[in-house]
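J.: The structure follows.
The values are calculated or read from the model by the stated rules, or taken from the named source; none is laboratory data. From a predicted model like this one, the values you see are computed outputs, not experimental measurements. Calculation scope for accessible area: heavy atoms of the full protein, side chains included, ligands and nucleic acids excluded. Shrake-Rupley method; radii C 1.70, N 1.55, O 1.52, S 1.80 Å.
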Amino acid sequence: MSESAAPRLERLDGRLYLGSDDGRICVDFVDGPMGFRRRHGGGRGQAVAKAVGLKGAKTPPRVVDATAGLGRDAFILASLGCPVLAIERHPDIHALCADGLERALQDPDTAEALADRLQLQSGDALDYLQNYADSPIARFKPDVLYLDPMHPPRKKSALPRLEMRLFRDLVGEDLDQVALLEAALQSGIARIVVKRPASQDPMLPGVVSSIPGKTTRFDIYLTPSS
């Protein structure tokens, strides 16, 4: 049996898709689950909003999402009032997210909710953090760095959802995620948030608090300068 073709980008009906023989996905911030979540997802009471310190804050924190992926958490935080710089290093995934944002900004209601608070950056956050002074992250002056690295493969027999299978086929594993967190902790950014599977241990010691969810949790680190 021949191996499935590698995931590829294709444009259909005005949308950019990432697909393979198993199926295809696109980024849609206007309709479907993301549109519903923006309108009815719990506002600042959502776990990710609590994790970045948004709930109760007088001024929404400036957040860098260093592992943006399909941009979902970045989109929610921006729609809740946070200025967000979302960084994605794989060019195909960045293109998918950029296409979704472009279409979102053509929808008046979604564009009003975002209010130009979401910026997308193509590049490697690890390189930016290791060369911080001259990086887009430093120029953005974040209060929070948010990390949602690739989660470990499931041990259950059931196949993971299509999106995760496509990502693994396209980019493989996040083998440098510990190095990314180490660089983040050395950057001087006051608050580092790491999204982890609820069943997994913290990526590194030093977690000061955690925000639990149903299947994931958000581990919070504070740098010495904070």
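J.: Where a ≥ b ≥ c are the square roots of the eigenvalues of the C-alpha gyration tensor, would you call the stretch 165-226 rounded, which needs a/c under 1.5, or, failing that, prolate if a/b is larger than b/c, or oblate? Numbers along the way, then the final one.
T.: On the way: a/c = 2.64, a/b = 1.36, b/c = 1.93.
Since a/c reaches 1.5 but b/c is at least a/b, the shape of the stretch 165-226 is classed as oblate.
J.: May I ask you to rank His94, His40 by accessible area, largest first, using a 1.4 Å probe over the protein chains only?
T.: Most to least solvent-accessible, the answer reads His40, His94.
J.: Using only the Cα atoms, what convex hull volume per residue in Å³ does the stretch 24-78 have?
T.: Measuring per residue, one finds 84 Å³ for the Cα hull of the stretch 24-78.
J.: Here's another thing I want to ask about it. Considering only protein heavy atoms and a 1.4 Å probe, what is the carbon-and-sulfur percentage of the accessible area of the chain?
T.: Working: 5730 of 11570 Å².
Reported share for carbon and sulfur atoms: 50 percent.
J.: What whole-number value in Å² describes the accessible area per residue of the chain for a 1.4 Å probe? Don't skip to the answer; put the middle values down first.
T.: Working: 11570 Å² over 226 residues.
Dividing the accessible area of the chain by its residue count gives 51 Å².
J.: How large is the helix-only mean residue ellipticity at 222 nm for the chain, computed as the sum of -39500 (n - 2.57) over DSSP H runs with n ≥ 4, divided by its residue count, in deg cm²/dmol to the nearest 500? Could you put the intermediate results ahead of the total?
T.: Values: 9 runs with 73 residues, N = 226.
Computed ellipticity for the chain at 222 nm equals -8500 deg cm²/dmol.
J.: Could you tell me the number of lysine pairs in the chain with C-alpha atoms less than 25 Å from each other, where the two lysines are 8 or more residues apart or belong to different chains?
T.: 15
J.: May I ask what percent, to the nearest 5, of DSSP beta bridges between residues of the chain are antiparallel?
T.: Here the antiparallel bridges make up roughly 55 percent for the chain.
J.: Determine the shape class of the stretch 85-209: with a ≥ b ≥ c the square roots of the Cα gyration tensor eigenvalues, call it rounded for a/c under 1.5, and otherwise prolate if a/b is greater than b/c, oblate otherwise.
T.: The shape class here is oblate.
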